[in-house]
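Here the structure is laid out as structure tokens; the discussion comes afterwards.
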Amino acid sequence: MNDIKEIREQLLTGTAIADVLDDLATLRLDIFPEYPYLYQGLREDELKYLVTYAEAPDACAILANDGLTVIGAATGMPLVHEDAQMLDAFAGTTFPLNEIYYVGELLFRPAYRNCGLGQKLLDRLEHYIQSLGSYRKLTCATVVRPEDHSLRPCDYIPITRFLARAGFARLSGVTTSFMWLETDGVKRDHLMQFWIKDLI
């Protein structure tokens, strides 16, 4: 386990995010092939998606560095700047969409997991969002997989445990779906479940 005291955090906003898009893309391409996402992506698609963080008002990216190596990241933007599939998921709720901030990624390389970094970056992200003064809720979405999935590792720890400890609640019935290419070369539709947390 790595000493999180040695990890340096860097919060970026606006055009400064454009300078780290390649680092963010590399993290996603390296980590998302793991269960539960099993995502096989292309760098050009990743960069096209990630540039939204450099362009959307109030968006941010927090990079975690061990020396010169980027070992983790958290990203977020106001929900209203996400695509229609995300917004449509909240159509049947009473939440004012302009008061919700969406957490896009919270990911770390394997050697840096389960040592408190997730909560540390989430706290930093929440502090930034609260400083904006416009958002009352924090939301995120997790991919839904059956517990008996053939590729689920025996030591797998669901992200939902972390979310529950961090104060998120599952939004029953608030879901969306995205199609992506899995590591076996097959494109599949994936159910995504939303979670929400009050920002105090």
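Only the coordinates and a few stated rules stand behind these numbers; no lab work does. The structure displayed is predicted, hence computed values, not measured ones. Ideal geometry is used to build each Cβ from the backbone, glycine not excepted, and the neighbour counts take in all protein chains shown.
Brief remarks follow.
- Surface/4 of the Cα convex hull for the chain, nm²: 11.2
- Diffusion constant of segment 122-188 at 25 °C, which comes from Stokes-Einstein with the Kirkwood Cα-pair radius and 0.890 mPa s, µm²/s: 163
- Spacing of the modelled spin labels on residue 114 and residue 88, each 7 Å from Cα toward Cβ, amounts to 3.8 nm.
- Restricting segment 72-181 to chymotrypsin sites (Phe, Trp or Tyr not before Pro) in coil, as DSSP defines it, with at most 14 other Cβ within 10 Å: 156
- Once you reduce segment 18-35 and segment 186-200 to the center of their Cα atoms, the two points are 19 Å from each other.
- Relative contact order of the chain, defined on C-alpha pairs under 8 angstrom at six or more residues apart (%): 22
- The chain: most fluctuating residue of 122, 42, 107 per GNM, C-alpha cutoff 10 Å: 42
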